[in-house]
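The values are calculated or read from the model by the stated rules, or taken from the named source; none is laboratory data. Please read all numbers here as calculations on a predicted model, not as lab measurements. When we count neighbours, we look across all protein chains shown, and the Cβ atoms used for this are built from the backbone with ideal geometry, even at glycine. SASA here: full protein model, heavy atoms, side chains in, ligands and nucleic acids out. Shrake-Rupley method; radii C 1.70, N 1.55, O 1.52, S 1.80 Å.
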Amino acid sequence: MLDASSSTLLTALSLRAMAYAPETGVVDPFGGQADLARQIVRCVGDPAHRFDEDALRILRALRFASVLGFAIDPDTAAQVHAQAGALRAVAVERRYAEWQKLICGRGAAQVLRAYPDVAAQVLPAGQTAAGWAARVDRMAQAAPDFAGRMAILLRGGDAAQAMRDLRASRADQLRVAMLADAPETLPPATDAD
């Protein structure tokens, strides 16, 4: 069995590499508390090595930034861009699970604006090209509802096929396709986003 200190080595992000040990209190060998205070998502050690171990960590870092409204550490960000293509080797179901959480985060628009190269590894070819910035801006005004936000991002393309390619549930496929084809039914904007 791993102790709290050694189990923190199994994660890629400093925010997740903290633990609590009743005898000693918080175990934070990689500066996770400082990153929380600075509102930074940062890889433990060398980001290139962390992403080589599991490319899904690229999306996970962006999900944390989106959900928490944090920035990405510059060294981590550089490797996110450099290794974005490695996400294609990750099972589509794993990418989709992270994507669902990412686009509903309070910082989703900032993340998607800064990392269209990563979005291009999840969404269908060409979807992040023409009109991407406008769709991200509109998505930022929508309620944090997955189907509504996904429909906005897929507008102008074949939303039903995109959702099938992502191996989404049949219910998600139908809902996103319906919303993408009927823009007036998209969830209303909120002040929280």
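For the stretch 80-110, what are the residues that are of a type outside the set (G, A, S), open to solvent by 50 Å² or more (accessible area, probe 1.4 Å) and assigned to a helix (DSSP H, G or I)? Passing the criteria: H81, R88, E93, R94, Q100, K101, Q110.
Determine, yes or no, whether A130 is modelled with pLDDT under 95, farther than 20 Å from D181 by Cβ and open to solvent by 30 Å² or more (accessible area, probe 1.4 Å). Against the criterion (modelled with pLDDT under 95, farther than 20 Å from D181 by Cβ and open to solvent by 30 Å² or more (accessible area, probe 1.4 Å)), A130 does not qualify. Could you tell me whether Q141 is touching a residue at least 12 places away in the same chain (Cβ under 8 Å), polar (S, T, N, Q) and out of contact with any helix residue (DSSP H, G or I) (no Cβ under 7 Å at 6 or more places or on another chain)? Yes.
So, in the stretch 64-74, how many residues would count as being out of contact with any strand residue (DSSP E or B) (no Cβ under 7 Å at 6 or more places or on another chain) and closer than 13 Å to A12 by Cβ?
Quick first cut of the stretch 64-74, residues out of contact with any strand residue (DSSP E or B) (no Cβ under 7 Å at 6 or more places or on another chain) only: 66-69, 74.
Filter once more, so that each one left must be closer than 13 Å to A12 by Cβ: none.
Within the stretch 64-74, residues that are out of contact with any strand residue (DSSP E or B) (no Cβ under 7 Å at 6 or more places or on another chain) and closer than 13 Å to A12 by Cβ number 0.
So how many residues does the stretch 141-163 have that are open to solvent by 10 Å² or more (accessible area, probe 1.4 Å) and either under 18 Å from V111 (Cα atoms) or at pLDDT 95 or above (or both)? Give the derivation first.
Taking the stretch 141-163 first, the residues open to solvent by 10 Å² or more (accessible area, probe 1.4 Å) are 141, 143-146, 155-158, 160-161.
Pick out the ones that are also either under 18 Å from V111 (Cα atoms) or at pLDDT 95 or above (or both) and you get 141, 143-146.
Of the residues in that region, 5 qualify.
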